[in-house]
Every structure is written in C-alpha cells, then in structure tokens.
1. Where in region 1-100 are there strands (runs of 3 or more DSSP E), lying wholly inside it, with at least 2 residues that are of a type in the set (A, V, I, L, M, F, W, C) and under 11 Å from the mean Cα position of the chain (by Cα)?
2. Restricting attention to region 74-81, does a residue exist that is open to solvent by 60 Å² or more (accessible area, probe 1.4 Å), among the aromatic types (F, W, Y) and over 14 Å from Y108 (Cα atoms)?
3. Can you confirm whether region 93-102 contains a residue that is at pLDDT below 95, loosely packed, with under 15 Cβ neighbours inside 10 Å and out of contact with any Ser or Thr (no Cβ under 9 Å at 6 or more places or on another chain)?
4. Tally up the residues in region 1-32 that are open to solvent by 40 Å² or more (accessible area, probe 1.4 Å), farther than 14 Å from R70 by Cβ and aliphatic (A, V, I, L, M), please.
5. Within region 24-51, track down each residue that is among the small types (G, A, S) and farther than 18 Å from Y110 by Cα.
6. Return the residues of region 48-66 that are at positive phi and surrounded by 15 or more Cβ atoms within 10 Å (Cβ to Cβ); say none if nothing qualifies.
7. List the number of the failed condition for V119; all other conditions in (1) under 20 Å from G40 (Cα atoms); (2) open to solvent by 30 Å² or more (accessible area, probe 1.4 Å) hold.
8. Kindly check whether there is at least one residue in region 33-42 that is among the acidic types (D, E) and surrounded by 12 or more Cβ atoms within 10 Å (Cβ to Cβ).
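The values are calculated or read from the model by the stated rules, or taken from the named source; none is laboratory data. Predicted model only: the values in this text are computed from it and were never measured. Using ideal geometry, Cβ is built from the backbone for each residue, glycine included, and neighbour counts are taken over all protein chains shown. Quick note on the areas: whole protein, heavy atoms, side chains included, nothing else; ligands and nucleic acids left out. Shrake-Rupley method; radii C 1.70, N 1.55, O 1.52, S 1.80 Å.
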Amino acid sequence: PLVESGGGLVQAGGSLRLACAASGRIFSTYAMGWFRQAPGKEREFVATISGSGDSTYYAGSLKGRFTISRDNAKNTVYLQMNSLMPEDTAVYYCVAGVAAGARASNSYPYWGQGTQVTVSS
C-alpha cells in the first residue's frame, strides 16, 4: 500500500511537502509519482521519478515550483511544493508503476488514498 501524508491548508505563496510511504522490499524498482484532482476536474499528472531517482518528469506548468524526490532507504517519495497558488488546491495521489515517464493515470496500477491540499488566497 501507498500512504500519503503532509497535506493541509496553506496560504498562497506558501510551501508544503507531501510524503508517500510504500511497503515492500522492491520499492526501488518502481517508478513513483504524484497525480492530483481538483473538484470538478479530471485527474492530472503532476510528477514522477524513476526507481533509481535519476530521472524526473514534471507537468510543464509545475516545473520550477514542484520538486519530486525519493529516499529508497526509507521507501518514501516526496513532493516539495513551493509558491503554492489557489489553483493547486486538489487531492494529491501517490502512484507507483513501471514507466516513470508515463503521464496517463492508467499507467500506474498502484494508488494511495490521497491527501488534501488546500491553498487559500
């Protein structure tokens, strides 16, 4: 299972760091990432990282504000979110799969329950 943490309420311009803890010995073999879904909108790709952590992929609009990283010794992937804006308000989901660069949600068979991020203006 994937368990997210770190969501919450923050003012615009603030920062949050999401974490996703995974179980299993083969964590480092999986690409990990984040998707998000805002109310009334489709789920969208945020960022992913390869199993080794050498390769990262971002939604174009988020690159520069969001940073994905992982600690394979802790079986945890992180999403550092800076300069948050109200439009970043969404439920953020941790995902795991094989292809790190895939941007379609159905490329990731494993999903967490999601953590709410709310950015107030």
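1. Where strands (runs of 3 or more DSSP E) fall fully within region 1-100 and carry at least 2 residues being of a type in the set (A, V, I, L, M, F, W, C) and under 11 Å from the mean Cα position of the chain (by Cα), they are 16-22, 31-37, 44-49, 66-71, 76-81, 90-97.
2. For region 74-81, residues open to solvent by 60 Å² or more (accessible area, probe 1.4 Å), among the aromatic types (F, W, Y) and over 14 Å from Y108 (Cα atoms): absent.
3. no
4. Total satisfying the criteria: 3.
5. A38, G40
6. G53 - this is the single residue of region 48-66 that is at positive phi and surrounded by 15 or more Cβ atoms within 10 Å (Cβ to Cβ).
7. V119 satisfies all of (1) under 20 Å from G40 (Cα atoms); (2) open to solvent by 30 Å² or more (accessible area, probe 1.4 Å) except (2).
8. There is no residue in region 33-42 that is among the acidic types (D, E) and surrounded by 12 or more Cβ atoms within 10 Å (Cβ to Cβ).
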